[in-house]
Amino acid sequence: MRHEDAVEKDEKQRQLDQHRVDLKGTRLTTDQGVLIDDTDNSLQAGERGPTLLEDFHFREKIMRFDHERIPERVVHARGSGAYGQFRVYESLTEYTVADFLCDPSLVTPVFVRFSTVAGSRGSADTVRDVRGFATKFYTRQGNYDLVGNNMPVFPIQDGIKFLDFVHAVKPEPHNEIPQAQSAHDTLWDFVQCQPETLHFVMWLMSDRAIPRSFRMMQGFGVHTFRLVNAEGRATFVKFHWTPVLGTHSLVWDEVLRVQGNDPDFNRRDLWDAIERGAFPEWELGLQIVPESDEHAFDFDLLDPTKIIPEEIVPVRPVGRMTLNRNPENFFAETEQVAFCTANVVPGIDFTNDPLLQARNFSYFDTQLIRLGGPNFAQIPVNQPVAPVHNDNRDGYHQRMIHQSGTSYSINSISGGCPMSGVVSGDFSGVFQHYQERVDGRKIRKRSPSFEDHYSQATLFWNSMSFWEKRHIVNAFLFELGHVERRNIKEKVVGHLVHIDHELATQVALGLGMPVPAGGPANHGKASPALSQANSARKTIATRKIAILVTDATDAGALTPVKEALEGQGAICELIGPHEGSAASLAVDRQLTATNSVLYDAVLLADGGLLAEDGPAVHFVREAFKHGKAIAALPGGSALLQAARLPGTQGVIGPDASGGAFVQAFADAIKVHRHYDRDVAMFSA
Ligand code: HDD
């Protein structure tokens, strides 16, 4: 039984059921429903003769194959989706009329698609990149799409520059190299020409760009939006998703190895967790700003390259989202899902953020080319659970069979239907645009309030722990190390001086450049909420532990430890010298068919045999290098010694036993990564 069968079906699931096609027990037909006897041999004039044009089955089969592809998304082409549910904790009627935010008894179905941005559909999951975090709420008042990212800021301030940014980060036009990488000349040329990118670049160079799991990423709506209540009063709002498992990342060296070992690392992780019933969860949080405070900050609320530090406006947790069901068909659901920032419901509205305004056009437009016409909202994954009645007609792939003899408004023939949503002056449930007062000249000019490109980049840098700073410097060195033009690197370092002199110095030295002359003084402000050092949660749930075993393993010593770890929600995989069983234990993977980078922690239980084994020693040393918790049962102590680890943080020896051993190991895993190990080991 799949896990979703255990929970009561929501409205969206029941709707999707109507579109399911189950081939079990069926017989082969053409698309026209004609039964076919043979699909392996084309119709020929004689056994060795030419193929006949009248073979309609052959032609249909080939035609369907030739047309299987649709254009991949221009950006965010690589993605993975899942269904789930959202429920608000308590009514937010004070701020909004959106009923999914006002009724705590309401369970709203959702579909979420996570993605990378730059790579094409078949690129690896674990590249250095922003991750998309797009949520479609199938509310009773229509679909609401919160199309966010795992970083709260964007590289550009005005949507008219989106094409330029995307062209710069995508593979270079002459040779289509590199795939899914920002480490090349055109991206860094764009950065040095466009200092508004710098705050975003700091996030991109940080560990946020290499998440351990989609389940362990924050999500941000990025823009300032508006909530509107029944009195028509608006409040500014920023949306945050906070993962219940904490926000965690891979380490860069690990990333490079994961790409070869499992290009589907994040996709598989999401899929497996849901299949296993370990449903990923996020809290929705709001930063709420009264309209009267619009100009109370030292940045512009409409500028998408800025955050509101949580220490200034706290994030209020308002609800929880659980992803509990994998799609049944990747193409039909995850590939065809069509998000649009303009999909809003009553009680949620836009601001004049020029990036958001551009997005409201772009998503709508992109679906026309991707999904082949204007009826994409009828595709099952996109179909609202709210009823749809209007005079929109025809177009490619129309599936509705409208009964009415009219398709215009106002009409008298159909009794005026579909009529206005307002009944007897009652506007409840009806979308009403917020009546913002607008007054201005038509100009192509950025507001001066958008001009400061450095202060929040500095804020981000100041907020990082020592190891996060080290990772950022190394990321700059990797990226700029792949840039061929010296002048571009110099210009980038010139910008870094305005963020922080120490950062600029370290990058300059690594690039073999003179230490830059001192820039402006660092303002010294920090926002601790930005550091991942503060995000570890006290759980080992869903953490993957590799247990190294051999035929000499003491199963009696291992089994209670394994069971205790699994009891806390960890996933244990036994890795042995061969498939089958070792010491009466079932081996999940053979040692050379896996790699330490696919696990969060390692338990050595081999019985001494692996101490002589090169790959096993490498496995342990590499896990140490990547900051992972390592524990050895008495049988594993020889391997632990053979690994000659240059440090002890997060390493649990066989001295402890029983519950104390398990607890010490679990505590070491909860830390996520022991970044304070030997600095030299992390320099790569
Ligand atoms: Fe975008 C896809 C997120 C700015 C134009 N964007 C897309 C997706 C996400 C985002 C998560 C993937 C949706 C999915 O899974 O199908 N985009 C963002 C965020 C932005 C942003 C958080 C800034 C705050 N985007 C942005 C701008 C434009 C676009 C400024 C154009 C003016 N984005 C698109 C697009 C895509 C898209 C070309 C490609 C595929 C699609 O829309 O459906 O229209």
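The values are calculated or read from the model by the stated rules, or taken from the named source; none is laboratory data. Predicted, not measured: the structure shown is a model, and the values here were computed from it. Positions of Cβ are generated from backbone atoms using ideal geometry, with glycine treated the same way; all protein chains shown enter the neighbour counts. To get the accessible areas, we keep the full protein, side chains included, count just its heavy atoms, and leave off ligands, DNA and RNA. Shrake-Rupley method; radii C 1.70, N 1.55, O 1.52, S 1.80 Å.
Pick out the one residue from D298, D303 that is open to solvent by less than 20 Å² (accessible area, probe 1.4 Å) and part of a loop (DSSP other than H, G, I, E, B). Please lay out each step first, then the result.
Values: D298 fails: open to solvent by less than 20 Å² (accessible area, probe 1.4 Å).
Result: D303 is the single residue among D298, D303 that is open to solvent by less than 20 Å² (accessible area, probe 1.4 Å) and part of a loop (DSSP other than H, G, I, E, B).
Would you check which residues across the range 649-678 are closer than 18 Å to P634 by Cβ, part of a loop (DSSP other than H, G, I, E, B) and modelled with pLDDT of 90 or more and list them?
G653, P654
For the range 42-83, what are the residues that are on the phi > 0 side of the Ramachandran plot and within 16 Å of the ligand (Cβ to nearest atom)? Spell out the reasoning first.
Just the residues of the range 42-83 that are on the phi > 0 side of the Ramachandran plot, to begin with: 46, 76.
Scanning the range 42-83 gives a single hit, H76.
Within the range 507-514, does at least one residue satisfy the condition of being surrounded by 13 or more Cβ atoms within 10 Å (Cβ to Cβ) and assigned to a loop (DSSP other than H, G, I, E, B)?
Yes, the range 507-514 has at least one match.
Is it the case that F361 is within 30 Å of E291 (Cα to Cα) and within 12 Å of the ligand (Cβ to nearest atom)? First the steps, then the outcome.
Numbers: within 30 Å of E291 (Cα to Cα): yes; within 12 Å of the ligand (Cβ to nearest atom): yes.
Taking the combined requirement at face value, the residue satisfies it.
When you check R325 against the structure, is it open to solvent by 30 Å² or more (accessible area, probe 1.4 Å), in contact (Cβ under 8 Å) with a residue 40 or more places away in the chain, among the charged types (D, E, K, R) and in contact with a strand residue (DSSP E or B) (Cβ under 6 Å, 6 or more places away or on another chain), yes or no? Explain how you work it out, then say what you get.
Working: open to solvent by 30 Å² or more (accessible area, probe 1.4 Å): no; in contact (Cβ under 8 Å) with a residue 40 or more places away in the chain: yes; among the charged types (D, E, K, R): yes; in contact with a strand residue (DSSP E or B) (Cβ under 6 Å, 6 or more places away or on another chain): yes.
Judged against the criteria, R325 is not a match.
Looking at Q403, is it open to solvent by 60 Å² or more (accessible area, probe 1.4 Å) and either touching a residue at least 12 places away in the same chain (Cβ under 8 Å) or away from the ligand (no atom under 16 Å from the Cβ) (or both)?
Details: open to solvent by 60 Å² or more (accessible area, probe 1.4 Å): yes; either touching a residue at least 12 places away in the same chain (Cβ under 8 Å) or away from the ligand (no atom under 16 Å from the Cβ) (or both): yes.
The answer is yes for Q403.
Residue check: is A660 small (G, A, S) and open to solvent by less than 60 Å² (accessible area, probe 1.4 Å)?
Values: small (G, A, S): yes; open to solvent by less than 60 Å² (accessible area, probe 1.4 Å): no.
Here the answer is no, as A660 does not meet what is asked.
Here's a check for you: in the range 137-160, which residue that is in a strand (DSSP E or B) and within 9 Å of the ligand (Cβ to nearest atom) is surrounded by the most Cβ atoms within 10 Å (Cβ to Cβ)?
Step one: filter the range 137-160 for residues in a strand (DSSP E or B), giving 137-139, 142-149.
Restricting the remaining residues to those that are within 9 Å of the ligand (Cβ to nearest atom) gives 145, 147-149.
Details: D145: 21, V147: 21, G148: 22, N149: 24.
Looking at the filtered set, the residue picked out is N149.
Check the range 198-209 and report whether any residue there is among the hydroxyl-bearing types (S, T, Y) and more than 13 Å from the ligand (Cβ to nearest atom). Give the derivation first.
Residues of the range 198-209 that are among the hydroxyl-bearing types (S, T, Y), as a first pass: 206.
From what's left, more than 13 Å from the ligand (Cβ to nearest atom): 206.
Scanning the range 198-209, I find at least one residue that is among the hydroxyl-bearing types (S, T, Y) and more than 13 Å from the ligand (Cβ to nearest atom), so the answer is yes.
Mind checking which residues of the range 352-399 are of a type in the set (A, V, I, L, M, F, W, C), in contact (Cβ under 8 Å) with a residue 60 or more places away in the chain and not in a helix (DSSP H, G or I)?
Matches in the range 352-399: V385, A386.
Might you check whether a residue that is open to solvent by 10 Å² or more (accessible area, probe 1.4 Å), within 19 Å of R113 (Cα to Cα) and either out of contact with any Asp or Glu (no Cβ under 8 Å at 6 or more places or on another chain) or more than 12 Å from the ligand (Cβ to nearest atom) (or both) occurs anywhere in the range 164-181?
Checking the range 164-181: not a single residue is open to solvent by 10 Å² or more (accessible area, probe 1.4 Å), within 19 Å of R113 (Cα to Cα) and either out of contact with any Asp or Glu (no Cβ under 8 Å at 6 or more places or on another chain) or more than 12 Å from the ligand (Cβ to nearest atom) (or both).
Among the residues of the range 87-116, count how many are within 14 Å of M321 (Cα to Cα), of a type in the set (A, V, I, L, M) and either in contact with a Pro (Cβ under 9 Å, 6 or more places away or on another chain) or within 14 Å of the ligand (Cβ to nearest atom) (or both).
Summing the residues that are within 14 Å of M321 (Cα to Cα), of a type in the set (A, V, I, L, M) and either in contact with a Pro (Cβ under 9 Å, 6 or more places away or on another chain) or within 14 Å of the ligand (Cβ to nearest atom) (or both) in the range 87-116 gives 3.
For residues that are of a type outside the set (F, W, Y) and under 15 Å from V222 (Cβ atoms), tally how many sit in the range 345-369. Steps first, please.
Of the range 345-369, the ones of a type outside the set (F, W, Y) are 345-349, 351-360, 362, 365-369.
Those still in the list that are under 15 Å from V222 (Cβ atoms) too: 348, 351-360, 362.
Selection size over the range 345-369: 12.
Read through the list (1) open to solvent by less than 80 Å² (accessible area, probe 1.4 Å); (2) more than 30 Å from A386 (Cβ to Cβ); (3) aromatic (F, W, Y), then give the number of the only condition that F65 fails.
The number of the failed condition is (1).
Can you tell me which residues in the range 337-351 are more than 9 Å from the ligand (Cβ to nearest atom) and either free of Cβ contacts under 8 Å to residues at least 60 places away in the same chain or among the small types (G, A, S) (or both)? Please lay out each step first, then the result.
Within the range 337-351, the first condition is being more than 9 Å from the ligand (Cβ to nearest atom), and the residues that meet it are 342-351.
Of everything in the range 337-351, those that are more than 9 Å from the ligand (Cβ to nearest atom) and either free of Cβ contacts under 8 Å to residues at least 60 places away in the same chain or among the small types (G, A, S) (or both) turn out to be A342, G347.
Would the range 34-49 turn up any residue that is of a type in the set (A, V, I, L, M, F, W, C) and open to solvent by less than 40 Å² (accessible area, probe 1.4 Å)?
For the range 34-49, residues of a type in the set (A, V, I, L, M, F, W, C) and open to solvent by less than 40 Å² (accessible area, probe 1.4 Å): present.
Please verify whether the range 117-129 includes one or more residues that are within 10 Å of the chain's Cα centre (by Cα), near the ligand (Cβ under 8 Å from one of its atoms), hydrophobic (A, V, I, L, M, F, W, C) and farther than 19 Å from S362 by Cβ.
Taking every residue of the range 117-129 in turn, none turns out to be within 10 Å of the chain's Cα centre (by Cα), near the ligand (Cβ under 8 Å from one of its atoms), hydrophobic (A, V, I, L, M, F, W, C) and farther than 19 Å from S362 by Cβ.
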